[in-house]
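Just so it is clear, none of the values below were taken in a lab; they were calculated from the coordinates. The structure displayed is predicted, hence computed values, not measured ones. Backbone-built Cβ (ideal geometry, glycine too); neighbour counts: all protein chains shown.
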Amino acid sequence: MSDNTLFDLRPLLTQGIDPLQTVVERARAVGAGGALVLLAPFNPLPLRRVLAQMGFSSTALRQGDGEWRISLLRDGQGRVEGEPTTEDCPGPTDLGAPVQRQADGLHIDVRGLEAPQPMVAILRLCASLSGDAAVIVHHDRDPVYLYPELAEIGWTADPLPGTPGEVRLLLRRGMT
């Protein structure tokens with residue numbers, strides 16, 4: 001596999017950079033029948049849907065280390081396969097952030113974690129839950145990149161009062 005077909009998104013995400021534009025630029029350079037492989041700390045479903053509109057079919061495979069390998073083929077069909085199920089997602093003890101069950105829901109504290117760890121932990125927790133579970137996020141900054149990801153998986157985020165210097169959010173599965 002050439003260096004042009006493998007793209008590791010993790011360094012960009014670690015720097016807090018949204019990789020969308022860079023990935024789209026690389027994808028434009030892939031000809032019909034060509035391939036692109038992405039490495040990411042989570043399954044970037046919204047990105048995969050954007051690439052599907054460009055004619056890429058994709059599959060996502062969770063690796064043994066918890067990272068994701070997204071295989072893209074420019075076949076003109078734009079299928080998004082392998083969407084995660086609750087079996088694919090880690091339980092609350094595997095998130096890299098403390099989770100506590102309280103009367104008002106599950107609390108996850110991502111304060112002090114470097115990007116993209118807070119977003120990854122929150123998305124993994126949401127994906128591992130079923131039913132009408134509520135998640136209360138304790139964050140040290142406004143997670144602007146998290147909101148569209150939550151919307152893509154059908155969750156809403158509402159601000160809650162927090163302590164000084166804390167952003168607290170109530171996450172719930174959206175009403176449809």
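For segment 87-173, the spread of Cα coordinates along the three principal axes comes to 36, 25, 25 Å, biggest extent given first. Just so you know, the averaged projected area of the alpha carbon convex hull for segment 6-74 sits at 4.2 nm². Distance between the modelled labels on Arg141 and Arg49, one decimal in nanometres: 2.6 nm (7 Å Cα→Cβ projection). Here segment 118-149 and segment 7-58 have alpha carbon centers that stand 22 Å from each other.
Helix-only arithmetic for the chain: the sum of -39500 (n - 2.57) across DSSP H runs with n ≥ 4, divided by the residue total, places the mean residue ellipticity at 222 nm at -6500 deg cm²/dmol. Put a dot 7 Å past the Cα of Val80, heading toward its Cβ, do the same for Arg101, and the two dots end up 3.2 nm apart. Once the Cα atoms are used to define both axes, helix 117-128 deviates from the longest principal axis of the chain by about 90 degrees. Using the Cβ-Cβ distance between Leu113 and Leu160 with R0 set to 22 Å, the FRET efficiency from 1/(1 + (r/R0)^6) comes to roughly 0.70. Inverting the pair-averaged 1/r between distinct Cα atoms of the chain gives 17.0 Å as its Kirkwood hydrodynamic radius.
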